[in-house]
Amino acid sequence: MIRFVDVSLAYPNGTVALRNIDLAIDKGEFVFLVGPSGMGKSSLLKLVYREERPSRGQVLVAGRDVSRLSRKQVPALRRSVGVIFQDFRLLPQRTVSENVGFALDVIGCPKREKHRRVPRALDLVGLSHKADAYPDELSGGEQQRVSIARALVNNPPILLADEPTGNLDPETSWTIMQLLAKINVKGTTVVVATHDRDVVDRMSRRVVTLDQGSIKDDRERGAYDA
Ligand code: ADP
C-alpha cells in the first residue's frame with residue numbers, strides 16, 4: 001500500500017531529514033513510527049501525502065509513484081490519504097458537521113451524498129450528539145475525533161496520524177488510539193507517528209524506529225525503544 005525505495009529527503013536549507021529509507025507497509029497494517037523529536041517522522045508522512053517530494057528514491061502509494069503525479073493528480077492522491085495532526089486543525093467558526101462536510105465541499109460532493117456521509121463519519125467516532133457544536137465547545141479528545149471524522153469522510157484507504165495524542169492526557173490518548181485501532185480493523189491502513197511511549201507499548205503493533213532520518217529498527221509487536 002505504501003512503499004519507500006531508497007528514499008532520501010533534504011530540505012532546501014540543506015537539512016537532511018531522511019536517509020536511504022526502504023519501507024513497505026501492506027494494506028490493512030497498523031504501524032507506529034517512533035523516535036524522538038526531529039528524527040524525521042513528520043517528513044516521512046509528508047512524503048506519503050506529497051506535502052514534500054523525495055530528493056532521491058521512490059515513494060509509492062497504492063502502486064503509484066507519488067513524485068510523478070501531475071498537479072492535477074495530486075487531489076486524487078490526497079483523497080486516498082486521510083491525515084490527522086496533533087493540533088486538530090479545525091475551523092473555529094464552523095460547527096462539527098460543517099468541519100467534517102468541508103472535506104466533501106472541496107471535492108464538489110453532491111449535497112445528498114454529503115448528508116449521508118457526514119452523519120456516518122460522526123457516528124464512527126461517537127460524536128453524533130455534538131454535530132452542531134463548535135470546536136471550542138469540545139474537549140481536546142472530542143476535537144481530535146472530529147478531525148478523524150473529517151479525515152475519513154472520503155473513505156480513504158490510508159490514514160496517517162502525526163502525533164495525534166500530543167495534546168491529550170494519557171486516558172484520552174488511549175481512547176483515541178483505540179478508535180484508530182477500530183478504524184484499522186475495518187480495513188484502513190493506519191500509520192501513526194508518535195513519541196508517546198506508553199501508548200506504543202500498550203498497543204503491541206509493528207514499530208518502525210527512526211534515528212537521525214534512518215530506520216534504526218522495524219519489528220512486529222515491538223516496544224518503544226528509541
Ligand atoms: P519529527 O517528526 O521526528 O519531529 P521532522 O520530520 O519534523 O521530525 O524533522 C526532521 C528534520 O528535518 C529536523 O531536523 C527538522 O528540523 C528538519 N525539518 C523539518 N521540516 C523542515 C523544513 N520545512 N525545512 C527545513 N528543515 C526541516
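For LYS186 and ARG89 in the same chain, what is the full-extension length gain: residue separation times 0.36 nm, less their Cα-Cα distance, in nm? Display every interim value, and only then the final one.
Values: separation 97, 0.36 × 97 = 34.92 nm, distance 2.49 nm.
This chain segment gains 32.4 nm when fully extended.
Between the stretch 8-61 and the stretch 108-162, the alpha-carbon centres lie 27 Å apart.
In this simple spin-label approximation, GLU51 and ASN155 carry label points 7 Å from Cα along the Cα→Cβ vector, and these lie 2.7 nm apart.
With contacts taken as Cα pairs under 8 Å and at least 6 residues apart, the chain reaches a relative contact order of 28 percent.
Helix 111-124 axis versus longest C-alpha principal axis of the chain: approximately 70°, rounded to the nearest ten.
Taking each pair of distinct Cα atoms in the chain once, what is the resulting Kirkwood hydrodynamic radius in Å? Please report the intermediate quantities before stating the final value.
On the way: mean 1/r = 0.0559 Å⁻¹.
In the chain this quantity evaluates to 17.9 Å.
The length gained on full extension between ARG68 and HIS129, counted as 0.36 nm times the residue separation minus their Cα-Cα distance, comes to 17.7 nm. Projecting the Cα atoms of ILE183, VAL208, HIS195 onto the charge dipole of the stretch 174-226, computed from C-beta unit charges around the Cα centre, puts ILE183 farthest toward the positive end. For VAL31, the amide hydrogen comes within under 5 Å of the amide hydrogens of VAL190, VAL191, VAL192, counting only partners 5 or more places away or on other chains and with H modelled in the peptide plane. Computed from Cα atoms, the angle from the helix 140-152 axis to the main principal axis of the chain rounds to 80 degrees.
To the nearest ten degrees, helix 170-185 and the longest principal axis of the Cα atoms of the chain are 90 degrees apart. Restricting the stretch 127-221 to GluC sites (Glu not before Pro) that sit in a DSSP loop and have at most 16 other Cβ atoms within 10 Å of their own Cβ leaves GLU220. Rounded to the nearest 20, the size of the Cβ-charge dipole of the stretch 1-77 about its Cα centre is 320 debye, with Lys and Arg at +1 and Asp and Glu at -1. The radius of gyration of the Cα set in the stretch 43-151, together with its Dmax, comes out at 15.6, 47 angstrom.
Can you compute the charge dipole magnitude of the chain about its Cα centre, using +1 on each Lys and Arg Cβ and -1 on each Asp and Glu Cβ, nothing else charged? Give it in debye, rounded to the nearest 20.
Around 1160 debye, computed over the chain.
Any read-out appearing in this document is the output of simple, stated calculations on the displayed coordinates, not a laboratory observation. This is a predicted model, so every value here is computed, not measured. Cβ sites come from the backbone with ideal geometry, for glycine too, and all protein chains shown count toward neighbours.
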